1. Which residue out of 109, 60 is assigned by TED's automatic domain parsing to the domain that holds residue 143 and part of a helix (DSSP H, G or I)?
2. I'm checking my understanding of the structure. Among residues of the range 1-28 that are at pLDDT below 75 and of a type in the set (S, T, N, Q), which one is surrounded by the fewest Cβ atoms within 10 Å (Cβ to Cβ)?
3. Out of 140, 119, 157, 125, which single residue is on the phi < 0 side of the Ramachandran plot and surrounded by 11 or more Cβ atoms within 10 Å (Cβ to Cβ)?
4. How about the range 133-168: which of its residues are farther than 23 Å from residue 211 by Cα and in contact with a helix residue (DSSP H, G or I) (Cβ under 6 Å, 6 or more places away or on another chain)?
5. Residue by residue through the range 172-193, note down the ones that are in a loop (DSSP other than H, G, I, E, B) and in contact (Cβ under 8 Å) with a residue 60 or more places away in the chain.
6. May I ask you to say which residue of 110, 117 is farther than 30 Å from residue 36 by Cβ and touching a Ser or Thr at 6+ places or on another chain (Cβ under 9 Å)?
7. Can you find a residue in the range 120-132 that is in a helix (DSSP H, G or I), free of Cβ contacts under 8 Å to residues at least 24 places away in the same chain, farther than 24 Å from residue 17 by Cα and touching a Lys or Arg at 6+ places or on another chain (Cβ under 7 Å)?
Amino acid sequence: MSGKERTMRESRENRAERLAERAAKVQREANASFNRGHEMASIIPLGQPILIGHYSERRDRSYRARIDTQYRRSAELSNYASDLERRSRAAATNDTIYADALDPVAEIDAKLAALRAKREAIKARPHQSYELSNLGANIRRYEARREQLAALKSSARTERQVGDITVIEDPELARIQLVFEGKPAPEIRDVLKQHGFRWAPSVGAWQRQLNNAGRYAARQVLEKLAQ
């Protein structure tokens, strides 16, 4: 195994390990939130209704709302942990080159070297024209991806404020992030999801992949929220 191939394998294994560690951490947070909600709920007598008109009504409603918040947060974190676990398994078994890998440009260089070597081997023997055509298309695709990733990784992390929203472009994570002061209202979360943003509890931000499409989506969200 060449040094570049070893780097690719180790990068993929490291990515899988990082995702698995994040999944475990998020799941622990989900369990803790569930346990807090369960502990809070345990002091309410089974079947005890809210006493309408009683002096305790407002306090009781507020307390039950906090319980609901804990259970809802637990469910959201559990779903996120499951997604991280799925991505960890995928990272361990496929050869996709991710923008947030340790050195994605080196991975692509290794992939290109292998493809070019394969092209030369095909040229040296009888072959069908489509073999070289398909291989050439793959090489061009990886070359374009390399150029894109090299430009991304050479850029600096930026952070700017748009009203109450912090907009972060993080080349290391390959993510564009929107950070709100507190939890956004349901209608705002709907807008974020419609534009491909997903909540990442581990970083406390709504994020999607950092590319031109991600930047455009962020502008669309900010324009809609400013209306």
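1. Matching residue, one of 109, 60: 109.
2. The qualifying residue surrounded by the fewest Cβ atoms within 10 Å (Cβ to Cβ) is 2.
3. Among 140, 119, 157, 125, only 119 is on the phi < 0 side of the Ramachandran plot and surrounded by 11 or more Cβ atoms within 10 Å (Cβ to Cβ).
4. Scanning the range 133-168 gives a single hit, 135.
5. 172, 173, 174, listed by residue number.
6. Of 110, 117, the one residue that is farther than 30 Å from residue 36 by Cβ and touching a Ser or Thr at 6+ places or on another chain (Cβ under 9 Å) is 110.
7. yes
Yes/no per residue for (1) of a type in the set (Ser, Thr, Tyr); (2) touching a residue at least 24 places away in the same chain (Cβ under 8 Å); (3) in a loop (DSSP other than H, G, I, E, B); (4) in the same structural domain as residue 18 (by TED's automatic domain parsing):
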position	(1), (2), (3), (4)
44	no, no, yes, yes
54	no, no, yes, yes
65	no, no, no, yes
76	no, yes, no, yes
81	no, yes, no, yes
85	no, yes, no, yes
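The values are calculated or read from the model by the stated rules, or taken from the named source; none is laboratory data. Small disclaimer: the values here were computed from a predicted structure and weren't measured. With ideal geometry, Cβ positions are generated from the backbone for all residues, glycine too; neighbour counts draw on all protein chains shown.
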